[in-house]
1. Put SER16, SER103 in order of accessible area, largest first, 1.4 Å probe: what do you get?
2. What aspartates and glutamates does LYS26 reach when the alpha-carbon gap must be under 17 Å and sequence neighbours fewer than 8 apart in one chain are set aside?
3. Give or take rounding to whole Å, what are the principal axis extents of the alpha carbon atoms in the range 36-88, in descending order?
4. Count neighbours as other Cβ atoms within 10 Å of each site's Cβ, and list the trypsin sites (Lys or Arg not before Pro) in the range 113-164 that are DSSP loop with at most 13 such neighbours.
5. I need to check one value: relative contact order of the chain, counting alpha carbon pairs closer than 8 Å and at least 6 residues apart, in percent.
6. Among the lysines, which fall within straight-line cross-link reach of LYS201, defined as a Cα-Cα distance under 25 Å, with same-chain neighbours fewer than 8 residues apart omitted?
7. Relative to the compact globular guide of 2.2 N^0.38 Å, what is the alpha carbon radius of gyration of the range 136-221, as a ratio?
8. Probe radius 1.4 Å, ligands and nucleic acids left out: which of THR149, THR207, THR49 has the largest accessible area, and how do the rest follow?
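The values are calculated or read from the model by the stated rules, or taken from the named source; none is laboratory data. This is a predicted model, so every value here is computed, not measured. All Cβ positions, even for glycine, are placed from backbone atoms using ideal geometry, and neighbour counts span all protein chains on display. Only protein heavy atoms, including side chains, enter the accessible area calculation; ligands, DNA and RNA are left aside. Shrake-Rupley method; radii C 1.70, N 1.55, O 1.52, S 1.80 Å.
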Amino acid sequence: MPLLDNDIIVSLSDVSLSYEQRLVLKQVNLAVRKHDFLVITGVNGGGKTTLLRLLLKLIVPTTGAVKYYDEGRELDSLHIGYLPQKNMIDARFPILVEEVVASGLYSTSVLTSSIEKRTQIAQVLSQLGLEKFARSPIGTLSGGELQRTLLARAIISRPQLLVLDEPLSYIDEEFAPRIYDMLARLSQECAIVMVTHQPDKVAGLATRMMRICDGTIVGVE
């Protein structure tokens, strides 16, 4: 049965998740629409990252359903760019910055030549001030440089949905305005779902703001 709202690209319906008999998320109902900029905040351990992982279908809900749509038709998958928390990345892994960024193209079905790929990589590295680090191992980067590298990987394929888990962490204050400007531009091209402890920094960009406490949505603006 198609959804009445053709702008919806992701829906979570009565989604709950339990780990070892502990209820982590409780009866979450949420719809993400084209060009949404949804900002999610809340205390540590409240369920924010778990909600993102459910939305990405990286984990399966205990009850309820997560579904993807295009113009009201249900899809098996969606073109998504994902920026995980920095602490989920092993910086000791022997991989170069440009290789990390290039990996963001692997999930897209669009066939591009090696020249086009190199051009895309160069462009996104330039956007995020990473040109001089292209051939650097990620283990040599500062926290902010690694965060920008992961953001470059998330956006390089021009996804339909961009999922960002604490993207402002470790970003240098002098570089932060460039990140905000980039997010403003990206919000015109795709939906964005962002978890952050700094909602005031992006309040002007958000179409909706949501707070999670103890696994429950307690506020949507």
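1. Of SER16, SER103, the descending order of accessible area is SER103, SER16.
2. In chain and number order, the partners are ASP14, ASP214.
3. Taking max minus min along each principal axis of the Cα atoms, the range 36-88 gives 35, 25, 20 Å.
4. ARG135
5. Reported as a whole number, the value is 30 percent.
6. The qualifying lysines are LYS34, LYS48, LYS86.
7. Ratio of Cα Rg to 2.2 N^0.38 Å: 1.16.
8. Output order, biggest surface exposure first: THR207, THR49, THR149.
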